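A quick write-up on the structure given underneath.
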Amino acid sequence: MVQSDSARVNPRTILSALGLSASRIQLIPIRHNVHWLVDLPGERVVLRRYTSDHSRASVAYELRLLEHLDRRGWPVPTPVTPVTEAAGSIWCVFRYMAGRAPIPRSVAGVRAEQRRRGRLLAQLHMDMVDVAEMGQREGWLRADEGLLDRTSQLPVDELLAAYERKAPENGRILRVYADRMRERLGELLPHAPAPLVIHGDFTPWNIKYKHGALSAILDFEMAHLDLRVADFALSWRGQYDDVVRGYEEVSPLDPVEQELLVPIYWAWVIASAVAELDAGEAVSDWAVTHLLRTPSNLPTSLPGSIIPLPSHGAH
């Protein structure tokens, strides 16, 4: 749902139906789901309107995960009202989590933030292993499966071939990486550890601190069952090696997982480009730029560095 849709809904009506009386409501400019910051007598909460791609089962999956993590002592935004449906959408009210996202002011500070985030992600994964029995979230696939399961859609190879005819250079780069991704995943996936529930968007702006202590982990709207290295897609982005190094300080990756890190990252980037093509849009330079951070002929991780420096000569 685009943000302009929120102007056609009066959140006070939703809150009133939930038995809540707000003294102040403020739209929060966040992508994807729509959120309002709500002041109630004696407390602050967040009202969320889920986008249309979330089913009732998808929302229930997320809430079950949040309740599990809350019981484990994690500062997550648990619901304070039942889920409700109104105005063609699913709504829920959550606890407001105070704090600020980290804003490092030096290169050393940036690297320290990445390492701390990596350690935190490893600890979070340890507490999410137990909910793998929930299975897959409705409407989601693993990072590698999304490019293979194309029921009622044009196969990826045909889609990329058509794009390459229109944009030869970017199309060729996407094709080379897609071919190499399939090759590597075919070699590695049979040996991969079992999937677990991942966060899906473990970025700095989804983590809050207050007085130096962790105060919130937000935005589980992309949580789903996947390989644990798939959680590095947005947190590592092909360049933030200290996130992975910090993770391994707490929970070392198996050799096959180290090898999977890059092709799973490619799968995420290529899936984003394919989604744009499915929607009839031009592929943004963003996808190609992210792919070029890692060479298509990457052999393995190197000592002292999670990945080698990009080598454009491979293309």
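Please treat every number below as a calculation from the coordinates, not as lab data. Note that the structure is predicted; figures quoted are calculated from it, not measured. Note that each Cβ is placed from the backbone with ideal geometry, even for glycine, and that neighbours are counted across all protein chains shown.
Just a few scattered comments:
- Highest average first, the peptides 169-178, 271-280, 206-215, 114-123 ordered by how many other beta carbon atoms sit within 10 Å of their residues are 114-123, 169-178, 271-280, 206-215.
- Per-residue [θ]222 nm for the chain (sum of -39500 (n - 2.57) over DSSP H runs n ≥ 4, rounded to 500): -12500 deg cm²/dmol
- Cα gyration tensor category, rounded, prolate or oblate, for the stretch 10-105 with a/c compared to 1.5: rounded
- For the chain, the dipole from Cβ point charges (+1 on Lys and Arg, -1 on Asp and Glu) about the Cα centre works out to 1220 debye, to the nearest 20.
- The stretch 108-217 shape via C-alpha gyration tensor axes, a/c threshold 1.5: prolate
- Annotation: peptides 90-99, 77-86, ranked by per-residue average of other Cβ atoms within 10 Å with the highest first, follow the order 90-99, 77-86.
- Mean Cβ neighbour count within 10 Å, used as a protection proxy, ranking 50-60, 194-204 highest first: 194-204, 50-60
- Among 156, 76, 262, residue whose mean-square fluctuation peaks in a GNM of the chain (springs only between Cα atoms under 10 Å): 156
- For the stretch 80-111 and the stretch 200-233, distance of Cα centres in Å: 10
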